[in-house]
Amino acid sequence: MTPPFEVAAPASDTERSRFRDILCECFCSPPERMQQSMERVGRDDVLLVRHGGEVLGGLFLLPFGQWFGGKRVPTIGIAAVGIAPEHRGTGAARALMLAALRETQRRKVPLSTLYPATHTVYRSAGYELAGSYHTITVDTWGIPFRDRTLTMRSGSAADLPIMQELYQRVAPDQPGWLDRSALIWQRRVDPWEKPPRIQLVFDGDEPVGYCCFLTEKHDSHHQTMRISDLVAATPAAARRLLTFIADHRSLVKTAIWNGPANDPLLMCLPERCYRIHVEVDWMLRIVDVVSAFSQRGYPRGLSAEVHLEVTDPDLTDNGGRFVLTVEAGTGRVEPGGEGHLRCTARGLAALYT
């Protein structure tokens with residue numbers, strides 16, 4: 001028999017400390033670093049699962065947005081899901097995830113997304129594979145560009161508004177990219193124990209690109225450039241950034257960053273001097289069918305009508321029959337229709353992305 005679980009925000013600092021200790025054990029993280037992560041997350045964005053008054057685990061809720069079809073769709077990211085090892089297999093994780101979905105519904109957010117350590121528990125809550133997080137490794141000697149037409153200057157944390165504006169200029173055209181919250185920006189510009197260097201690219205007085213990076217020892221003769229964030233708003237900015245990376249080649253053997261398999265910077269390279277590795281898949285859950293399909297964008301030349309029948313046993317008010325009508329890049333969803341396309345919440349999540 002599944003024991004009764006209670007899921008709610010932390011009731012005390014003692015409960016937060018217990019959850020921190022569980023996360024340290026789950027993710028092999030030092031207590032001080034995990035404490036910093038918990039302090040960055042609002043108290044109302046932590047959920048704990050309990051049984052008999054004992055904290056068994058919990059998770060973080062991270063509000064942000066995702067770009068689909070050029071439009072922002074509100075999303076809640078699920079992070080730091082951890083259950084104490086002695087309580088795994090009891091159903092606590094599923095109870096925690098279902099409570100997180102109901103909280104997402106309460107906040108009127110249509111999507112939930114996460115990086116899974118395991119697929120089974122999240123699929124049981126209606127999530128499905130939606131995309132991949134890639135690691136890109138570029139051989140610096142293979143970059144042919146020596147284009148220094150645009151100017152570069154060193155940046156700092158004070159230049160964050162410039163970087164945010166550049167990212168917002170590029171991100172809507174990249175399906176699945178995040179409309180970053182303050183917490184996600186902090187992770188991008190300060191991801192390591194050592195602060196990264198920041199370089200900005202200018203076309204005249206206009207900022208058109210940036211790079212956050214540091215170099216570290218690769219072996220006794222070479223270094224690696226680790227890039228935490230990289231944005232080029234124009235082809236010329238892409239060539240200048242690639243030139244900047246290549247200019248490290250006397251000591252730096254490879255440059256590594258995370259990006260999509262069709263990263264625009266890679267498209268600039270005439271030869272394949274890079275390797276792409278799928279680091280982890282990410283999963284999506286549609287919490288509100290009507291809002292999720294109404295708020296995303298669609299190709300402007302598309303006119304279509306789809307009759308959906310969605311089965312969602314965990315969120316029964318999210319199931320049923322719907323008609324999606326697409327016209328001039330906009331979608332409209334209404335209840336009813338003939339249910340020609342029948343799918344579960346998991347199948348719909350994969351189709352959505």
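The values are calculated or read from the model by the stated rules, or taken from the named source; none is laboratory data. The structure displayed is predicted, hence computed values, not measured ones. So basically every Cβ, Gly included, is an ideal-geometry build from the backbone, and we count neighbours across all protein chains shown. With ligands, DNA and RNA removed, areas are computed over all heavy atoms of the protein, side chains included. Shrake-Rupley method; radii C 1.70, N 1.55, O 1.52, S 1.80 Å.
Annotations
- Stokes-Einstein diffusion for the stretch 26-113 at 20 °C, viscosity 1.002 mPa s, with a Kirkwood radius from C-alpha pairs, works out to 151 µm²/s.
- Dipole moment magnitude, nearest 20 debye, the stretch 214-253 about Cα centre, only Lys, Arg, Asp, Glu C-beta charged: 120 debye
- DSSP beta bridges confined to the stretch 6-160 are antiparallel in about 85 percent of cases.
- The angle separating the long axis of helix 13-27 from the principal Cα axis of greatest extent in the chain is about 60 degrees.
- Dipole of the chain [Lys/Arg +1, Asp/Glu -1 at C-beta], most positive-end residue of TRP282, CYS268, GLY301: CYS268
- For the chain, with +1 on Lys and Arg beta carbons and -1 on Asp and Glu, the positive-most of ALA171, ALA95, PRO116 along the dipole: ALA171
- Sparsely packed loop sites in the stretch 191-240 (the chymotrypsin sites (Phe, Trp or Tyr not before Pro) outside DSSP H, G, I, E and B with at most 13 other Cβ atoms within 10 Å) comprise TRP192.
- Label-to-label distance, VAL278 versus CYS343, with points set 7 angstrom from Cα along the beta-carbon direction: 1.8 nm.
- Relative to the longest principal axis of the Cα atoms of the chain, the long axis of helix 92-106 lies at roughly 80 degrees.
- Dipole size of the stretch 261-353 about its Cα centre, with +1 on Lys/Arg Cβ and -1 on Asp/Glu Cβ: approximately 240 debye, rounded to the nearest 20.
- Once the 1.4 Å probe is applied to the protein heavy atoms, the chain comes out at 48 Å² accessible per residue.
- Across the stretch 189-262, the fraction of Cα-Cα pairs farther apart than 22 Å, rounded to a whole number, is 24%.
- Shape category assigned to the stretch 65-138 from the gyration tensor of Cα positions, a/c cut at 1.5: oblate
- Global dimensions of the chain from alpha-carbon coordinates: Rg and Dmax equal 22.4, 69 Å.
- Rounded percent of accessible protein surface that carbon and sulfur make up, the stretch 225-353, 1.4 Å probe: 52 percent
- For the stretch 41-84, the fraction of C-alpha pairs more than 13 angstrom apart is 62%.
- Anchor LYS253: aspartates and glutamates whose Cα lies under 15 Å away (excluding residues fewer than 8 positions away in-chain): ASP139, GLU216, ASP219
- For the stretch 1-22 versus the stretch 222-242, the inter-centroid distance based on Cα atoms is 43 Å.
- If you run the Gaussian network model on the chain, springs between alpha carbon atoms under 10 Å, then out of HIS221, HIS119, HIS307 the most flexible one is HIS221.
- Proximal aspartates and glutamates relative to LYS71, as straight alpha-carbon distance under 18 Å, when same-chain residues fewer than 8 apart are discounted: GLU165, ASP173, ASP179, ASP288, GLU327
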